[in-house]
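Asker: Below is one structure. I have some questions about it.
Where a number appears in this text, it was derived from the coordinates with a stated rule and is not lab data. Because the structure is a prediction, the values reported are computed rather than measured. Here the Cβ positions follow ideal geometry from the backbone for every residue, glycine too, while neighbour counts run over all protein chains shown.
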């Protein structure tokens with residue numbers, strides 16, 4: 001049995017794991033750039049269709065781009081962080097995960113450090129796509145956008161931790177990981193109003209969206225990207241913090257269960 005690590009050791013180990021996980025995007029920064037191709041395609045092709053079919057009144061007086069861009073940024077975070085568990089599955093299949101477990105690193109830091117790694121790429125990607133859209137009519141509010149990306153990063157930490165936990169539970173059965181991930185991902189997206197305003201949907205969808213934490217995050221991002229701060233921002237921060245807390249608790253418990 002290992003001795004329970006102190007807080008100082010957990011923090012040191014978390015910092016080490018974080019920087020270890022950050023080496024890949026730092027060594028290959030172009031991967032962040034190429035990951036923006038899909039969201040830019042959504043903005044370029046789906047945005048005009050959205051404007052023509054729904055109309056400006058559904059966007060609360062904002063332009064289509066000003067309304068749609070925050071949803072696309074949230075989509076980047078959701079897709080990116082929910083798939084990170086596949087990297088851990090690869091480590092499980094190759095045996096490198098077992099070698100990491102043999103090190104004196106605390107188990108909690110292995111999960112927390114990996115989850116925190118999701119924060120930095122999200123902020124960079126969101127900032128890049130916002131800057132790219134400025135020439136096309138997006139009104140850039142620097143401090144509000146930065147605040148939105150920080151909230152998004154908190155949410156991404158939770159989703160990343162849950163993805164790692166799912167990978168640990170499914171072990172080398174990739175079909176379980178991808179089956180659960182895909183089954184949960186798209187209903188969460190549709191019921192959050194990322195792609196289309198929920199005001200145009202039936203009453204049951206609006207009711208279901210109230211129990212979806214992603215709904216509050218999307219509303220917060222749209223409020224902040226529009227240059228305002230209000231109730232949506234507060235509820236979005238609460239939803240992100242709760243998601244992060246639940247994700248880290250579940251993730252740490254999952255990684256502790258791997259010790260036999």
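Asker: For the range 186-260 and the range 87-119, what is the separation of their Cα centres, given in Å?
Answerer: Centre-to-centre distance over Cα atoms comes out at 26 Å.
Asker: So if we plug the beta-carbon distance of residue 210 and residue 234 into 1/(1 + (r/R0)^6) with R0 = 22 Å, what FRET efficiency do we get, rounded to 0.05? Intermediate values should be presented prior to the final figure.
Answerer: On the way: r = 16 Å, r/R0 = 0.72.
That pair, residue 210 with residue 234, gives E of 0.90.
Asker: Step by step: find N for the range 58-256, compute 2.2 N^0.38 Å, then divide the Cα radius of gyration by it. What's the final number?
Answerer: 1.07
Asker: Which length gain, in nm to one decimal place, applies between residue 141 and residue 23 when the Cα-Cα distance is subtracted from 0.36 nm times their residue separation?
Answerer: Length difference between fully extended and current span is 39.4 nm.
Asker: Moving on. Starting from the Cα of residue 186, step 7 Å along the direction of its Cβ; do the same at residue 86; then give the gap between the two resulting points in nm.
Answerer: So the label points at residue 186 and residue 86 sit 1.6 nm apart.
Asker: If you wrap the range 156-260's Cα atoms in a convex hull and average its projection over all directions, what's the area in nm²?
Answerer: On the way: hull surface 30.4 nm².
If I average the Cα hull's projected area over directions, I get 7.6 nm².
Asker: Which FRET efficiency value, to the nearest 0.05, do you get for residue 134 and residue 253 by plugging their Cβ-Cβ distance into 1/(1 + (r/R0)^6) with R0 = 35 Å?
Answerer: The pair residue 134/residue 253 has a calculated efficiency of 0.20.
Asker: In degrees, nearest 10, range 0 to 90: what is the angle between the Cα axis of helix 213-225 and the longest Cα principal axis of the chain?
Answerer: So the helix axis and the longest Cα principal axis differ by about 60 degrees.
Asker: Okay, moving on. For helix 231-256, report the angle its Cα long axis makes with the longest principal axis of the Cα atoms of the chain; keep it between 0 and 90° and round to the nearest 10°.
Answerer: 20 degrees
Asker: Between 31, 63, 192, find the one with the highest GNM mean-square fluctuation for the chain; connect C-alpha pairs within less than 10 Å.
Answerer: 31
Asker: I've got another one for you. With runs of 4+ DSSP H residues as the only contributors, calculate the mean residue ellipticity of the chain at 222 nm using -39,500 (n - 2.57) per run, divided by the residue total and rounded to the nearest 500.
Answerer: Details: 14 runs with 191 residues, N = 260.
The helix-only estimate for the chain comes to -23500 deg cm²/dmol at 222 nm.
Asker: Rounded to the nearest 0.05, what FRET efficiency do residue 38 and residue 99 give with R0 = 30 Å and r taken as the Cβ-Cβ distance? Could you check?
Answerer: 0.35
Asker: Sort 134-144, 231-241 for me by packing, meaning the mean count of neighbouring Cβ atoms within 10 Å per residue, highest on top.
Answerer: In descending order of packing, they fall as 231-241, 134-144.
Asker: With the contact rule set at Cα under 8 Å and sequence spacing of 6 or more, what percent relative contact order holds for the range 58-256? Show your work: numbers first, answer last.
Answerer: Details: 263 pairs, mean separation 66.6, N = 199.
Taking the mean separation of contacting Cα pairs over the length of the range 58-256, I get 33 percent.
Asker: To the nearest 10 degrees, how steep is helix 107-117 against the longest Cα principal axis of the chain, on a 0 to 90 scale?
Answerer: The answer is roughly 30 degrees.
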